[in-house]
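The values are calculated or read from the model by the stated rules, or taken from the named source; none is laboratory data. Note that the structure is a prediction, hence the values are computed from the model and not measured. With ideal geometry, Cβ positions are generated from the backbone for all residues, glycine too; neighbour counts draw on all protein chains shown.
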């Protein structure tokens, strides 16, 4: 299905590239934010979130455990901060974020977009999983340290069940699941966060540099 909605600034119809997109263009986003919203960078919220994200991903990359529940707690924290910073940068600094994406070659751009889509799928699944084993598992390859959380593997998953969500909501959840399967499933957890955090650091540096 194709999701079509109206821009909250100018009213024009557009096809969103993200589930929570509300504007047809960066110009409309900027105009609306100037009139209605406070940029979180103004009071230090976004820089603090970027710092917290970096700390959470560093903890994950250094963490060691054999316990799936402990590993999942470390993963959960990193997922939360990465997806929060990503969403905030897109909302308030879409131009800088978009230019950074546009500067990548098509394969790299798809890799980044699928990585964030996959991590959003993980974020939405975290509260629904009865056991961490549904999303992560220890590495089994010889020579790979089984206690290093960064070396644990994202499990392939089934398509999300159709629940009480609206049809557009189901569409976006399926899109995120497809991104997860394309970029995360079967891969080491650490590589996903290294890639995501590096991109967000670059996007934040671009956004915080005076024009």
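Structure data summary
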| read-out | value |
| --- | --- |
| Scan of the stretch 177-205 for residues that are in contact with a helix residue (DSSP H, G or I) (Cβ under 6 Å, 6 or more places away or on another chain) and either without any contact (Cβ under 8 Å) to a residue 60 or more places away in the chain or not assigned by TED's automatic domain parsing to the domain that holds residue 53 (or both), ordered by number | 177, 188 |
| Positions within the stretch 69-118 being in contact with a strand residue (DSSP E or B) (Cβ under 8 Å, 6 or more places away or on another chain) and surrounded by fewer than 19 Cβ atoms within 10 Å (Cβ to Cβ), in sequence order | none |
| Residues being surrounded by 14 or more Cβ atoms within 10 Å (Cβ to Cβ) and either part of a helix (DSSP H, G or I) or modelled with pLDDT of 80 or more (or both) - total across the stretch 152-164 | 5 |
| Residue within the stretch 66-80 that is over 24 Å from residue 171 (Cβ atoms) and either at pLDDT below 85 or outside any helix (DSSP H, G or I) (or both) present | yes |
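Conditions (1) farther than 20 Å from residue 59 by Cα; (2) modelled with pLDDT of 90 or more; (3) in contact with a strand residue (DSSP E or B) (Cβ under 9 Å, 6 or more places away or on another chain), marked per residue:
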{"position": "134", "(1), (2), (3)": "yes, no, no"}
{"position": "142", "(1), (2), (3)": "yes, no, no"}
{"position": "166", "(1), (2), (3)": "yes, no, no"}
{"position": "169", "(1), (2), (3)": "yes, no, no"}
{"position": "192", "(1), (2), (3)": "no, yes, yes"}
{"position": "198", "(1), (2), (3)": "no, yes, no"}
{"position": "204", "(1), (2), (3)": "yes, yes, no"}
